[in-house]
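The values are calculated or read from the model by the stated rules, or taken from the named source; none is laboratory data. Because the structure is predicted, anything quoted here is derived from the model rather than measured. Don't worry about glycine lacking a Cβ; one is built from the backbone with ideal geometry, like all the others, and counts go over all protein chains shown. SASA here: full protein model, heavy atoms, side chains in, ligands and nucleic acids out. Shrake-Rupley method; radii C 1.70, N 1.55, O 1.52, S 1.80 Å.
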Amino acid sequence: MKKLRNFPILVAGIALSLAFAGCHDRKNQQVVKRVNEKMEVKTISDTTIFSRASSDTVDGNHFELGAEVDFPTDGPQPLTDSVKCFATKMLHRLIDWDDTGEYPAEKLHIPFEEVSKWTGDNILGNFFTHYRPLYEKYADGAGAHYLYLKLWSQTDTYVTYYAEFTYCGGSCSHEYEFHTFRKWDGHRLDNVISDKDLKKFVKKYPKYEYDEEILTAFTGLSDAGFLYGAWESIGYFEIDTIPYSEIKSFLSKEAQELIPDNE
């Protein structure tokens, strides 16, 4: 179990689109393949502070962006391309701090073809440099956004990433997510378990009833079992697992196909 920070929590069950130019999903490819080749990653981290002069403050406004990302460096190409595209989407989400449409953030999105060519520690630096003019022009008030994107689990049929967003202004909030990808073609699973099947599972295993509300929003696959977020007590959140022997038959078809028969 991994205990997460004691902050107000927003568990985002957001179905992110990977519809970047150059990103291709392969949802309909259902032939299960095992891939012994491991996806290699490099942990890249960087932070930067944007400043903007303000008429009502002496020092101006300071906004900090930071990220720590496990970025693919080698492995099956369909998978590495898909995860790179996904990481790009997550970085764009980190940077787009406002939903009002008052600034042209999406117009500054970096094409995936360009990001796919980046290597080494300059990846995050390139992102932050690219967006500096936007933040220095539009950022209003002090604050910070952080992204923690880590490779959580890898088998011969899938990889699972853990994503944690932190948003700080007057207070801090968090968003926690898992994202599982088929290893042989890079397809990101749309749905690990449906609400309907979750209710059936909880009915059969009432010991999980307390966690029912959280399960579908924050789930993934791992070699240790079915991953889900669960409350430990008020203000504390942890990652726990459910044995596949209990839950596998309730998972989506595409999730079941990735789990060995003996699990």
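Determine if region 178-198 includes at least one residue that is of a type in the set (Lys, Arg), on the phi < 0 side of the Ramachandran plot and open to solvent by less than 20 Å² (accessible area, probe 1.4 Å). Within region 178-198 (the criterion being of a type in the set (Lys, Arg), on the phi < 0 side of the Ramachandran plot and open to solvent by less than 20 Å² (accessible area, probe 1.4 Å)), the answer is yes, since at least one residue qualifies. On inspection, Tyr167 fails the criterion of being part of a strand (DSSP E or B) and surrounded by 21 or more Cβ atoms within 10 Å (Cβ to Cβ).
Residue pairs whose Cβ atoms lie under 7 Å apart, separated by 6 or more positions or on different chains, with the first residue in region 24-39 and in a loop (DSSP other than H, G, I, E, B) and the second at pLDDT below 60 and open to solvent by less than 80 Å² (accessible area, probe 1.4 Å), are Asp25/Leu18.
Scanning region 208-227 for residues that are modelled with pLDDT of 85 or more and open to solvent by 10 Å² or more (accessible area, probe 1.4 Å) turns up Thr219, Asp223, Ala224. Which residues, counting only those in region 132-154, are open to solvent by less than 70 Å² (accessible area, probe 1.4 Å) and in contact with a strand residue (DSSP E or B) (Cβ under 8 Å, 6 or more places away or on another chain)? Within region 132-154, Tyr135, Ala139, Gly141, Gly143, Ala144, His145, Leu147, Leu149, Lys150, Leu151, Ser153, Gln154 qualify.
The rows are residues; the columns are (1) open to solvent by less than 50 Å² (accessible area, probe 1.4 Å); (2) modelled with pLDDT of 70 or more; (3) hydrophobic (A, V, I, L, M, F, W, C); (4) not in a strand (DSSP E or B).
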| position | (1), (2), (3), (4) |
| --- | --- |
| Ala67 | yes, yes, yes, no |
| Asp70 | yes, yes, no, no |
| Cys85 | yes, yes, yes, yes |
| Lys89 | no, yes, no, yes |
| Glu113 | no, yes, no, yes |
| Lys117 | no, yes, no, yes |
| Val159 | yes, yes, yes, no |
